[in-house]
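This report refers to the structure that appears directly beneath it.
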Amino acid sequence: MPGPIRWPAWFGDLTPVAYGADYYPEQWPEEVWADDMALMAQAGVNLVTVGVFAWAKLQPTPDSWDFGWLDRVLDLLAEHRIAVDLATATASTPPWFTTRHPHSALVTAQGVRLTHGSRQVWCPSSPAYRRASLELVERLAARYGDHPGLALWHVSNELGCHNAVCYCDQSATSFRAWLKLRYGTLDNLNWAWGTDFWSQRYGAWEEILPPRATSSFGNPTHQLDYMRFSSDELRGQLAAEAGLLRRLTPEMPVMTNLMLPSAWGDLDYARWVDLVDVVANDHYTDSADPRRHVGLALAADASRGLAAGQPWLLVEHSTSAVNWQPINRAKGPGELRRDSLVHLARGADSVLFFQWRASQAGAERHHSAMVPHAGPDSELFRQVQALGADLARLAPLVGSQTVAPIGLVVDQPSWAASRLDCLPSHRLDFEAGLRAWYEALWDAHLTCDVIPSSAAFDRYRLLIVPHWSLMDLVQAERLRDYVEAGGHLVVTFFSGVADASQRVHLGGYPGALRDLLGVRVEEFRPLLDGERVQLSDGAVGTIWTEPVQAVDATVLARYLDGPSASYPAVTRAERGRGLAWYVSTQLDSAGLGELVDRVAEQAQVPRIDAPADVEIVIRRGPTAQYTFVINHSTEDVGLRFNGVDLLTGDRGPVIVAPAGAVRVVEQPLG
Ligand code: GAL
């Protein structure tokens, strides 16, 4: 059961949970480094990410290089037996670079060229950037590829954070090349984009521009293709850096840190993960979200979903407040520990933070860190030390897999398209819909993988598909095969509506899914703000309704009022050995909860009985399973287990998790 990190030889056969942070020694005088080593030992740190924003230090001028300081840092870390996740340092270009290559800087849709002075200002289609970044990667790989402390390569940093889309002329040229590959001929493109609408027909490739600022609504497929293209350009950078690293250091694993879940709406991550050896994610909770721990769990389950169920790496989160939200709330008692262990429960084999030592200067000087401004004599550092000790006890579970019988399906193009204009209702928020279903599963103590629509479906007893609006007939066929073979499928409103080019399937909604779901809808009847509809089963709907005709499906609930009064609202069709449910409105949380119970029962998904707000997640290895009990409630809970808590040594038959506490119960298998 190897973990995803190539641990240096001094770790022997031990595969620890990776614990550490982004480490920016270049921000500090060298005297501080010795203190860092001592404190890292106290905290139990065993892996740090180095060099993420070090380009300007490594290449101070176009023609000079300075690796001396990094040599000393890596040697010092190795001496203290701390492994390194070495960044390629390509995330942020130095000021000399943009001065010398002004066309490498990103241009907005309004035509404003950005300038240096922040970070990640490069255009993903810039040849000058590509050349310079690969030279840097090559030098780093040549110099450090066989350094004894190197454990992992870290490509760039959050690719697409700040520079996901550029509208410059270089991008226009690359976009045309991308379109030629996708469509072959202009006729195909004109058909896919529907350019006979509003006199948009293109007669030459050169007429096609990025979707820059224009008079009114832009062509929807032009915009969607630009999002696809932009994601592919960043993927190209990942492919170039990862490819070079693989060629120069074939044994060393390569990853890049994703920004799940929100950035998935812009970036087609399912197409990126085949380029890395391990999925890695950065996650920050939202101060304004009262159930932020559920949002955190969703991010973790999406990381695991993209990793096809395999362990993944948490490479950034925060010990306490961030600095970029309107109000940067500090974490409450026990929250740091719970947050870290929820990621671990849900398949992470690492707990890394941004960052090791709180910066004294710069834009992120008010961001929390493992060592706060107050220094090690602080409550926060004591929590960091305690977490390090906990993680050392959890080493046995590295490499084990989280058990998830349900797939919550994300169709990325549908998510991207939902962010465009001219839709039936802009109250339909793809991410909110995903979260609502996720939350209902979380409340029911059901663990799901949040998977891309291209994933294998047959490992799940139940699939939930929110708002998969862009569905080709082949994809609809895959869902039909899944159901006929005994799968249970729940589809929500605004699914199956159009093809990948957003051309609407004719004959009634939900288009590609009409036959599978056994329903037909002639028009959408979205609700106004504040409008609510009552369903016959007691549930309440908001946002959306449809006058559903149940052609070949059983009606489970009807609308009692509102624009679709008397029509079916929730239906179920039997197909082969499985069931296909259709939900045509946004159910309130009670309604969603009841439906989830019903669907899970029909699908015979194994259930865990636990009190509300007590999160239960299981990781399973070859010889033992590990049940995480994360008590988010204000009451102590006792659960029956025939096992031992790895954190406290407590043994069953009853293991008590006090309010706010975490238990990890190991039970032998077989
Ligand atoms: C991440 C980024 C880090 C740091 C962190 C602050 O998005 O990768 O460099 O900025 O946010 O929360």
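The values are calculated or read from the model by the stated rules, or taken from the named source; none is laboratory data. Quick caveat, the model's predicted, so the values are computed rather than measured. Cβ: placed from backbone, ideal geometry, glycine included. Neighbour counts: every protein chain shown. Just so you know, the surface numbers come from the protein's heavy atoms only, side chains and all, with ligands and any DNA or RNA stripped out. Shrake-Rupley method; radii C 1.70, N 1.55, O 1.52, S 1.80 Å.
Some observations on this one:
- Looking only at the range 364-377, and only at residues there that are part of a loop (DSSP other than H, G, I, E, B) and open to solvent by less than 20 Å² (accessible area, probe 1.4 Å), the one that is farthest from Ser340 (Cα to Cα): Gly375
- Selection of the range 287-330 for residues being outside any loop (DSSP other than H, G, I, E, B), β-branched (Val, Ile, Thr) and within 15 Å of the ligand (Cβ to nearest atom) yields only Val315.
- Which listed residue is farther than 23 Å from Val17 by Cα and among the charged types (D, E, K, R), from Arg346, Arg365: Arg365
- Candidates in the range 264-281 are the residues that are within 20 Å of Glu233 (Cβ to Cβ) and assigned to a loop (DSSP other than H, G, I, E, B); of these, the one that is farthest from the ligand (Cβ to nearest atom) is Asp268.
- Note on the range 79-89: among residues that are open to solvent by less than 20 Å² (accessible area, probe 1.4 Å) and more than 16 Å from the ligand (Cβ to nearest atom), the one that is farthest from Ala172 (Cα to Cα) is Ile82.
- Here Tyr202 passes the criteria (1) more than 16 Å from the ligand (Cβ to nearest atom); (2) in contact with a Ser or Thr (Cβ under 9 Å, 6 or more places away or on another chain); (3) assigned by TED's automatic domain parsing to the domain that holds Ala307 except the one numbered (3).
- Close pairs (8 angstrom Cβ cut-off, 6 or more residues apart or separate chains): without any contact (Cβ under 8 Å) to a residue 60 or more places away in the chain in the range 227-253, among the hydroxyl-bearing types (Ser, Thr, Tyr) and open to solvent by 10 Å² or more (accessible area, probe 1.4 Å) anywhere: Phe229/Ser174
- Per the conditions (1) open to solvent by 20 Å² or more (accessible area, probe 1.4 Å); (2) part of a strand (DSSP E or B), the sole criterion not satisfied by Pro611 is (2).
- The sole residue among Ser104, Ser92, Ser126 that is within 16 Å of the ligand (Cβ to nearest atom) and surrounded by 18 or more Cβ atoms within 10 Å (Cβ to Cβ) is Ser92.
- Check on Val409, in a helix (DSSP H, G or I), more than 15 Å from the ligand (Cβ to nearest atom) and open to solvent by less than 10 Å² (accessible area, probe 1.4 Å): no
- Look at (1) more than 28 Å from the chain's Cα centre (by Cα); (2) within 17 Å of Gly243 (Cβ to Cβ); (3) among the hydrophobic types (A, V, I, L, M, F, W, C) and you find that Trp96 fails only one, number (2).
- Within the range 194-204, the set of residues being surrounded by 14 or more Cβ atoms within 10 Å (Cβ to Cβ) and within 19 Å of Thr173 (Cβ to Cβ) comprises just one member, Tyr202.
- Subset of the range 177-187 that is of a type outside the set (A, V, I, L, M, F, W, C) and surrounded by fewer than 16 Cβ atoms within 10 Å (Cβ to Cβ) - its residue that is nearest to the ligand (Cβ to nearest atom): Arg182
- Within the range 10-35, if we keep just the residues that are within 31 Å of the chain's Cα centre (by Cα) and part of a helix (DSSP H, G or I), the residue that is farthest from the ligand (Cβ to nearest atom) turns out to be Phe11.
- Residue ID - nearest to the ligand (Cβ to nearest atom), chosen from residues in the range 157-173 that are open to solvent by less than 30 Å² (accessible area, probe 1.4 Å) and over 17 Å from the mean Cα position of the chain (by Cα): Asn163
- Among (1) within 16 Å of the ligand (Cβ to nearest atom); (2) of a type in the set (Phe, Trp, Tyr); (3) open to solvent by less than 40 Å² (accessible area, probe 1.4 Å) - the single one Tyr284 does not satisfy: (3)
- Residue match in the range 308-326 (condition: assigned by TED's automatic domain parsing to the domain that holds Ala21, of a type in the set (Val, Ile, Thr) and over 30 Å from Ser453 (Cβ atoms)): yes
- Scoring Ala590 on the criteria (1) surrounded by 15 or more Cβ atoms within 10 Å (Cβ to Cβ); (2) farther than 30 Å from Ser340 by Cβ; (3) of a type outside the set (S, T, N, Q) leaves a single failure, condition (1).
- Checked against (1) touching a strand residue (DSSP E or B) at 6+ places or on another chain (Cβ under 9 Å); (2) closer than 26 Å to Gln27 by Cβ; (3) open to solvent by 20 Å² or more (accessible area, probe 1.4 Å), Leu275 passes all but a single condition, namely (2).
- Just one of the numbered conditions (1) farther than 29 Å from Val351 by Cβ; (2) within 16 Å of the ligand (Cβ to nearest atom); (3) open to solvent by 40 Å² or more (accessible area, probe 1.4 Å) is not true of Arg113: (2).
- Residue identified as buried (at least 17 other Cβ atoms within 10 Å of the Cβ), closer than 17 Å to Val465 by Cα and at pLDDT 95 or above among Val599, Val521: Val599
- Being crowded, with 21+ Cβ neighbours inside 10 Å and either of a type in the set (Asp, Glu) or assigned to a helix (DSSP H, G or I) (or both) is a property that does not hold for Leu463.
- From Leu380, Leu336, residue being under 20 Å from Val48 (Cα atoms) and either assigned to a loop (DSSP other than H, G, I, E, B) or open to solvent by less than 10 Å² (accessible area, probe 1.4 Å) (or both): Leu336
- Counting the residues of the range 251-263 that are open to solvent by 10 Å² or more (accessible area, probe 1.4 Å) and more than 16 Å from the ligand (Cβ to nearest atom) gives 3.
- Verdict on Asp266 being open to solvent by 40 Å² or more (accessible area, probe 1.4 Å) and outside the structural domain of Asp449 (by TED's automatic domain parsing): yes
- Lone unmet requirement of (1) of a type in the set (A, V, I, L, M, F, W, C); (2) open to solvent by 40 Å² or more (accessible area, probe 1.4 Å); (3) under 22 Å from Trp272 (Cβ atoms); (4) touching a residue at least 24 places away in the same chain (Cβ under 8 Å) for Ala142: (3)
For every residue, the table says whether it meets (1) among the acidic types (Asp, Glu); (2) outside any loop (DSSP other than H, G, I, E, B); (3) in contact (Cβ under 8 Å) with a residue 12 or more places away in the chain; (4) out of contact with any Gly (no Cβ under 9 Å at 6 or more places or on another chain).
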| site | (1), (2), (3), (4) |
| --- | --- |
| Pro526 | no, no, yes, yes |
| Leu556 | no, yes, yes, yes |
| Arg572 | no, yes, yes, no |
| Leu579 | no, yes, yes, no |
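- Entry remark, the range 384-400: residues being of a type in the set (S, T, N, Q) and surrounded by fewer than 20 Cβ atoms within 10 Å (Cβ to Cβ) number 1 in total.
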